[in-house]
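What follows is a set of notes on a single structure, which appears directly below.
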Amino acid sequence: MPIFESIKNGLVESMKLKYIFPFLFLNFILFSTVVLFVIPIMYSLDQIYRTEVSPIYVSIIAVNSLSILIVLVIYYLLKIWFIGALIHSYYRKKDFFDSLEKVKKEYLNIFLISLILVGISALITLFVRNSNLSTIFIMILDLLLIFSFQSVVIKKDSIKLAIARSIAIVKRLPSKVFLFWVTTRTLALTIFIVAMLLFSPIAYVMNKVNPFSSEGTIYTMQHYSSDFIINTMTYLTMNYPVVITFGFLVMLIVSYVEVFLRIATTDFFVKVSRRKRFL
């Protein structure tokens, strides 16, 4: 059955270094950079809480917050490019870095479709007050546009045509696409949870090396906010290698799950597109 064959291919192919390494590298750089910028922010917040609002500390918070924002924007722009390259690389059986060059022409359409997804999801979250209902709407959106990236990269579709093709496939094969969508998302969540449980001993070690946990610090309501901030900041600085190691493992899981979803979807898209004409 194409559904489970595509899922199996996704699980196996995602383990290949040529697919997972670029995403692991990108995700790990993001994590490490954000942690570095967060430390001075937390230090400044603690100083403001303990003493008074100082222009110096406000500037530190503003500069580092802006730096995090810039890093996130760069990360997002690169991630879109990497997604396109991953789809092309898997479909064409090309080297990932060669595919980066090949998908430059499709980058704008990939970016705009991603922006549409993020924008509509944000509007749903903003205007639909019921969290359960907004989650359902976002899931429906994800289901309807599940093949939009593949349509742009593989079929060279325009934005309008890519969205139309994805929706057409869902409408023509509703049960198969829905089963694929549910199975891959459930499997991705399961992999993440199981992996985190397997890595939990590392979290335990991190807690043991925390100087504050061994002292059994008791927080009062009066000093809770400040103590929490300064303790977290001290923990990050004193145990930075451990935090980075654990962060690397978490980013490894995140990267594998992301690559699995993209490859499985690409594989399924190629299989159903060969059998039927949707547009």
Checklist entry - How many of the residues making up region 70-96 are among the hydrophobic types (A, V, I, L, M, F, W, C), touching a residue at least 24 places away in the same chain (Cβ under 8 Å) and over 13 Å from I154 (Cα atoms)? => result 8
Item to check | Subset of region 178-201 (residues that are without any contact (Cβ under 8 Å) to a residue 60 or more places away in the chain and farther than 24 Å from G247 by Cα) | outcome: F178, W181, V182
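Take the residues in region 14-26 that are in contact with an Asp or Glu (Cβ under 8 Å, 6 or more places away or on another chain) and surrounded by 16 or more Cβ atoms within 10 Å (Cβ to Cβ), then tell me which one is farthest from V242 (Cα to Cα).
Looking only at region 14-26, we keep the residues that are in contact with an Asp or Glu (Cβ under 8 Å, 6 or more places away or on another chain), and these are 18-19, 23.
Right, trim to surrounded by 16 or more Cβ atoms within 10 Å (Cβ to Cβ) and you get 19, 23.
On the way: Y19: 26, F23: 21 Å.
The qualifying residue farthest from V242 (Cα to Cα) is Y19.
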Next on the checklist: out of contact with any Gly (no Cβ under 6 Å at 6 or more places or on another chain) and either closer than 30 Å to K8 by Cβ or in contact (Cβ under 8 Å) with a residue 24 or more places away in the chain (or both): which single residue out of V128, V170 fits that description?
Outcome noted: V170
Checklist entry - When L249 is evaluated against the numbered criteria (1) under 25 Å from L179 (Cβ atoms); (2) at pLDDT below 95; (3) in a helix (DSSP H, G or I), which criterion, by number, is the only one it fails? => result (1)
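Check region 180-194 and report whether any residue there is among the hydrophobic types (A, V, I, L, M, F, W, C), in a helix (DSSP H, G or I) and farther than 30 Å from S99 by Cα.
Within region 180-194, the subset among the hydrophobic types (A, V, I, L, M, F, W, C) is 180-182, 187-189, 191-194.
Still in the running and in a helix (DSSP H, G or I): 180-182, 187-189, 191-194.
Still in the running and farther than 30 Å from S99 by Cα: 193-194.
Looking through region 180-194, at least one residue is among the hydrophobic types (A, V, I, L, M, F, W, C), in a helix (DSSP H, G or I) and farther than 30 Å from S99 by Cα.
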Checklist entry - Just checking, how many residues over region 119-143 are of a type in the set (A, V, I, L, M) and over 20 Å from T184 (Cβ atoms)? => result 7
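The values are calculated or read from the model by the stated rules, or taken from the named source; none is laboratory data. Small disclaimer: the values here were computed from a predicted structure and weren't measured. FYI the Cβ positions are ideal-geometry reconstructions off the backbone, even for glycines, and counts take in every protein chain you see.
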